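Visitor: Please see the structure below; I have some questions.
Each reported figure results from applying straightforward, stated rules to the coordinates on display, with no laboratory input. On a predicted model such as this, the values are computed, not experimentally measured, just so you know. We place every Cβ from the backbone using ideal geometry, glycine too, and count neighbours over all the protein chains shown.
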Amino acid sequence: MPDRIPLYTSLPPRLTRLAAGHDVAHSYVAECLASWRRADFDIISLNGADEIAALAERHGQVAYCPVAGERPKISEFLRHAMHSGAPLAGIINADVLLSNDLEAWQSVRQIATNGIVALQRTNIDALRLRPTDRGSMGFDCFIFDTEPLSR
C-alpha cells in the first residue's frame, strides 16, 4: 500500500465493553487499534491533557495531541488533518474494529482521493459474534482528501 494515512480519534479514558458478562474494553480497544494499523493508518488521539499519560501507558503506539477541555471538537480534528501534510486523512470513533480486507482499504483510498468516504459500522452480537439486526445511528469513520480543508 502507499503511504500511511493519519487516522484521528479520541481514545476514551474509561470504557466498558461487555462480552459474555466480562468487561473486555481494554483488549477490545487494543484490537481496534491493531486493525487500524493493519489497514496502514497512523493513529493520532486528541484528548484532554490530563488523560494522555494514562492512555499512553495503555496504548503506546498512538500519537497523542492535547486539546483544551475534555472532548475535542470536530474543528480540531479537521485542523490537525489539514496540517498533517498527508494527502488523505481520516476520523474514526474509538470503538470501531476495521475489516482485514486490504483490497477494500485500497479502494477506499482511491475513492477518497479528491473526495470523501463515509463508513458505517455493522453491529456485532457479543455472544454469537454475528451481525445484529440493530441499525447504525450514523457514520463512524470518514476518510477524506485533505486539500479542500485549506480553502
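Visitor: Is the stretch 1-53 rounded, prolate or oblate when judged by the Cα gyration tensor, a ≥ b ≥ c being the square roots of its eigenvalues, rounded requiring a/c under 1.5 and prolate requiring a/b larger than b/c? Provide the component values of the computation, followed by the final result.
Guide: Details: a/c = 3.95, a/b = 1.36, b/c = 2.90.
Oblate, since a/c reaches 1.5 and b/c is not below a/b.
Visitor: Starting from the Cα of residue 70, step 7 Å along the direction of its Cβ; do the same at residue 103; then give the gap between the two resulting points in nm.
Guide: 4.5 nm
Visitor: From the square roots a ≥ b ≥ c of the eigenvalues of the alpha-carbon gyration tensor of the stretch 51-108, which class results: rounded (a/c under 1.5), prolate (a/b over b/c), or oblate?
Guide: On the way: a/c = 2.13, a/b = 1.35, b/c = 1.58.
Note, shape of the stretch 51-108 comes out oblate.
Visitor: Measure out, as a whole number of angstrom, how far apart the alpha-carbon centroids of the stretch 92-118 and the stretch 38-65 sit.
Guide: Result: 20 Å between the Cα centres.
Visitor: Considering only DSSP beta bridges with both partners in the chain, what is the antiparallel share in %, to the nearest 5? Provide the component values of the computation, followed by the final result.
Guide: On the way: 12 of 24 bridges.
The antiparallel proportion sits near 50 percent.
Visitor: Of 107, 99, 45, which is the most mobile in a GNM of the chain whose springs link Cα atoms less than 10 angstrom apart?
Guide: Highest fluctuation of the listed residues: 107.
Visitor: Once fully extended, how much extra length lies between residue 63 and residue 34, figured as 0.36 nm per residue of separation less the alpha-carbon to alpha-carbon distance?
Guide: Working: separation 29, 0.36 × 29 = 10.44 nm, distance 1.41 nm.
Result: 9.0 nm gained on full extension.
Visitor: Could you tell me which label, among (1) 17.3, 54; (2) 15.6, 49; (3) 17.8, 58, carries the value of Rg and Dmax of the Cα atoms in Å calculated for this structure?
Guide: Matching the structure shown: (2).
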